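These notes concern the structure reproduced below.
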Amino acid sequence: MTHRNKALVKGIVQGIGFRPFVYNLAKKHKLNGYIQNTSTGVEIEVEGELNLIEQFFSELENNNLPLAQITSIEQFSLPPKNFKDFQIKESRSQESKVTLIPPDICVCDDCLKEMNDANDRRFRYPFINCTNCGPRYTIIKDVPYDRPQTSMNVFQMCENCLQEYSDPTNRRFHAQPNACQVCGPEVTLFDSKRKLIPTDDPILKTAELLKDGFVVAIKGLGGFHLAVDAQNNEAVLKLRQRKNREEKPLAVMSRTVDLIKQYANISKEELDLLISPQRPIVLLEKKAQNNLAADVAPKNKYFGVMLPYTPLHYLLLENNFLALVMTSGNLSEEPIVINNEDAFEHLGNIADYFLIHNRDIYLRSDDSIVRRIKTQNTINRRARGFAPLPVFLKINFLQILACGAELKNTICLTKGKNAIISQHVGDLKTEDSYKFFKQTVDHLQKLFDIKPEIVAHDLHPNYICTQFAMELENVNKVGVQHHHAHIMSCMAEHGLDGPVIGLSFDGTGYGADGKIWGGEVLLVEGADFTRLAHLEYTAMPGGDAAIKEPWRMAVSYLHKIYGEDFLNLDLPLFQKIGKKKIEFILQMIKKGFNSPETSSMGRLFDGVSALLGICDYATYEGQPAIMLEQWAIENQSENIYNFEWSKKNGIYQIATSVLIKNLVDDLIHGKSPEQISYKFHLTLVKLFTELCQKLKKETGRNRVVLSGGVFQNITLLTGLQNALKKENFLVYSHEIVPTNDGGISLGQAAIAEATK
Ligand code: ZN
Ligand code: ZN
Ligand code: FE
């Protein structure tokens, strides 16, 4: 007897080879019917023997397509219709759109094999792709994901390509970016004056230029890179100087894992991250002896490393490079450049040459940055390969737009059980980055058909993203405290309901009392939070200038402990900075001139880093804390510093001055900065473990959530995880959303949902 079943499949099922897979599966089970992309996923009808239909759906559910992610299959049985065959029908676009859009994926092995086959028609074609690989999110203008809606719409497929594209059994069936040498995009090489460099092989020529020490801007998948030979220190320094990037590590790309092993250590888990189809930058420990230029990652124990992810990268790296520096093509604080015109304009003073192509990038997406920490993956920057994959929520949310924070901005849109976090937008400090922010808001709303009922924003009145939210009309607005958002972000990621004890540690966030928060212990339950404890307030002389010059924080702590007598101490810092500057800052603190108060954990790390002579000027965000952690040398027998807290107005104030006084004593007695740094970390672990035990008694809460940028510090993160677990706490930290301000938007959305 013939049966007919209809199914609506939702999840990531478009643009990833799902339809040819289903087509072949139906053929295998001798089923007729059709499959069709809709705006909400795919619709399938199959007709045939019941047991074959059942097998069909069971295999569909357990498919091993690398990129598919099925979130639901709704099935109905219907009266038979006598389909004559199995068809792939044209897409429909009228319904409400919640199809999940796949991110961009690295070139697959099948495509690479063809690219390296001299008999293949795409031999050495730098844009080879198929339904299992290639660009997606960055070329999509609208859904459903079909060629006319992508930046491939200007390329008319040749006969051969069209045949592949139309054949359901072919790997390129409906591969939207399908192309070849005859009909597709091509690369060209220019100098910085926009003069075309005549050559038969622009990629080979580019390799030669890189070997000669030139800086080349290379158009990639989600934006431009600036490339130099990573073994040529002169070239690396030239790039740093022109890009105005002093010491922040530069990412590198190597052709194979074996090459990477020559300069970095790779664990099994790190290897899995490196070769994953997302191809993120993975932070890997440097080998003590390595042949990369010293200035690739100065004063740092790690390299940020990735494998090639486009065919073009593979072709370029064939030319015997150990590694290429591949850093974002932007001026500092600007968004990464994506179009050719802008590249010449913005990068003209940095790059000597430009390897460009004529496939437009519609939406920029930086390289993602991940790190393996003991037993968990963490993500410092979530962009290419990950966005716009949703974070799956435990409950249905309203349609909400959350505008994020000002640094490391992302936005978040929610609909149903999906939280779509945008790719890393970056620091909203320039006009261009604000433009990108607005474009991202518009684009994601359009792609996912979301009309926000609520807009969530930070409390900081001067954040441009707060002002953006304020100016929106006909929508409810919810202001969210920054550190509350950090904790709720982690709770949403883990599907936790409150109340929890949240340790929210970061550099800067606008406090509910108008002061600068950042070392906060909060009791969080949905829309509400109570401040349970925080680091005692300390002056930040010069405001933001104290972030760039962490020695100012050192002076501030010293003044707090010793008054002006601190000038009589014999500290290395004084020689380095000079009495005059120190006196000047001292006056600022005494007069309270431009010295806002902060409870920031980030500033505590800054102050200690400067006190120990590790970093007195920060050349990039977080540098003093990063270096402080990297200097720490583990020492089993190490005891810890004293600490104290006292209760004022029902809130515990943690006395950082007691801790620092002890630390200064060690320093004066000749203890090494390496030992002191480790002892400092241990002290914080012990302090917050004891504090959590106390708070557990008072609140009855046993779950601790760790969030905020400071938790990029592994010593602190794993130290606290272990110590708290030993005391039988349940401990949660971030794995799929950044712990830094890149995760704020998700927390804002979750709080807005809880507020409704
Ligand atoms: Zn492929
Ligand atoms: Zn073609
Ligand atoms: Fe933060």
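In debye, nearest 20, what is the charge dipole magnitude of region 266-371 about its Cα centre with +1 on Lys and Arg Cβ and -1 on Asp and Glu Cβ, if you could check?
Details: 9 positive and 15 negative charges, 114 e Å.
The calculated dipole for region 266-371 is roughly 540 debye.
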So what does log10 I(q)/I(0) come out to for region 425-534 at q = 0.15, 0.17 Å⁻¹, using the Debye formula with one equal point on every Cα and no solvent? -0.76, -0.95
Quote the FRET efficiency, to the nearest 0.05, computed for K548 versus N396 with a Förster distance R0 of 45 Å and r equal to the Cβ-Cβ distance. 0.50
Give me, ordered by chain and number, the residues 5 or more places off N418 or on other chains with an amide H under 5 Å from its own placed amide H. L393, F397
If you plug each phi of region 480-497 into the Karplus form 6.51 cos²θ - 1.76 cosθ + 1.60 with θ = phi - 60°, what whole-Hz ³J(HN,Hα) values come out, in order, with x for Gly and Pro? 10, 5, 4, 7, 4, 4, 4, 5, 5, 4, 5, 5, 5, 4, 9, x, 8, 9
Enter the Cα centre distance for the pair region 184-242 and region 575-605, rounded to the nearest angstrom. 44 Å
So what is the calculated 222 nm ellipticity per residue for the chain, using -39500 (n - 2.57) for each DSSP H run with n of 4 or more, over all residues, to the nearest 500 deg cm²/dmol? -9500 deg cm²/dmol
Quick check on region 60-158: what does the Kirkwood estimate of hydrodynamic radius come out to from the alpha carbon pairs, in Å? 16.8 Å
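With a/c under 1.5 counting as rounded, go ahead and sort region 512-560 into rounded, prolate or oblate using the C-alpha gyration tensor (a ≥ b ≥ c being the square roots of the eigenvalues; past the cut-off, prolate if a/b is larger than b/c, else oblate).
Working: a/c = 3.33, a/b = 2.36, b/c = 1.41.
In terms of gyration-tensor shape, prolate.
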Place a point 7 Å from the Cα of R194 in the direction of its beta carbon; the residues of region 238-268 whose amide N falls under 17 Å from it are none
Give me the distance between the Cα centres of region 109-172 and region 688-714, rounded to whole Å. 50 Å
Considering the dipole of region 509-647 built from charges on the beta carbon (Lys and Arg +1, Asp and Glu -1) around the Cα centre, which of F574, W631, W645 is farthest to its positive end? F574
Using modelled amide H (1.01 Å from N, peptide plane; none on Pro or chain starts), what sits under 5 Å from the amide H of H460, excluding residues fewer than 5 places away? Y510
Here the convex hull volume per residue of region 379-461, taken over Cα atoms and given in Å³, is 103 Å³
Angle between the chain longest axis and helix 50-61 axis [Cα atoms, degrees, rounded to 10]: 40 degrees
Considering only Cα-Cα distances, which of the following residue pairs are longer than 32 Å: K477/K590; K243/K671; K301/K429; K205/K301; K261/K726? K477/K590; K243/K671; K205/K301; K261/K726
For region 8-115: lysine pairs with Cα atoms under 29 Å, gap of 8 or more or different chains, count? 21
Rounded to one decimal in nm, the spacing of the 7 Å Cα→Cβ label points at D117 and K515 is 6.8 nm
Which order, highest average first, do 365-373, 582-590, 648-656 follow once you tally other Cβ atoms within 10 Å for each residue and take the mean per peptide? 365-373, 582-590, 648-656
Kindly express, to the nearest 10 degrees and within the range 0 to 90, the angle between helix 673-699's C-alpha long axis and the longest C-alpha principal axis of the chain. 80 degrees
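Return the carbon/sulfur percentage of the accessible area of region 226-324, one whole number, probe 1.4 Å, all protein chains in place.
On the way: 1700 of 3910 Å².
C and S atoms contribute 44 percent here.
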How many angstrom separate the Cα center of region 258-289 from the Cα center of region 65-79? 36 Å
Cα-based helix-to-principal-axis angle, 18-28 vs the chain, degrees rounded to 10: 50 degrees
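Once you list every other residue whose beta carbon is under 11 Å from the beta carbon of V524, what net charge do they have if Lys and Arg are +1 and Asp and Glu are -1? Can you show the working numbers first?
Details: positive: R531, R701, R703; negative: D497, E520, E525, D528.
Counting the neighbours of V524, the net charge comes to -1.
Once you charge only the Cβ atoms, +1 for Lys and Arg and -1 for Asp and Glu, what is the size of the charge dipole of region 593-733 about its Cα centre, to the nearest 20 debye?
Values: 14 positive and 14 negative charges, 158 e Å.
For this selection, approximately 760 debye.
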What order, most packed first, do the peptides 75-87, 168-180, 603-615, 668-680 have when packing is the mean number of other Cβ atoms within 10 Å of each residue? 603-615, 168-180, 668-680, 75-87
What number comes out for the charge environment of W631, summing +1 per Lys or Arg and -1 per Asp or Glu over other residues with Cβ under 11 Å away? 0
Across the chain: Cys residues that no other cysteine approaches within a C-beta distance under 4.7 Å: C106, C111, C130, C161, C180, C412, C490, C615, C692
Could you list which residues have their amide H under 5 Å from that of A533, counting only those 5 or more apart in sequence or on another chain, with H placed in the peptide plane? V521, Y652
Over the chain, what lengths in whole Å, largest first, do the semi-axes of the equivalent ellipsoid take, defined as the square roots of 5 times the eigenvalues of the alpha-carbon gyration tensor? 47, 32, 22
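The values are calculated or read from the model by the stated rules, or taken from the named source; none is laboratory data. Given the structure is predicted, the values throughout are model-derived calculations rather than measurements. Don't worry about glycine lacking a Cβ; one is built from the backbone with ideal geometry, like all the others, and counts go over all protein chains shown. The accessibility values were calculated without ligands, DNA or RNA, using every heavy atom of the protein model including side chains. Shrake-Rupley method; radii C 1.70, N 1.55, O 1.52, S 1.80 Å.
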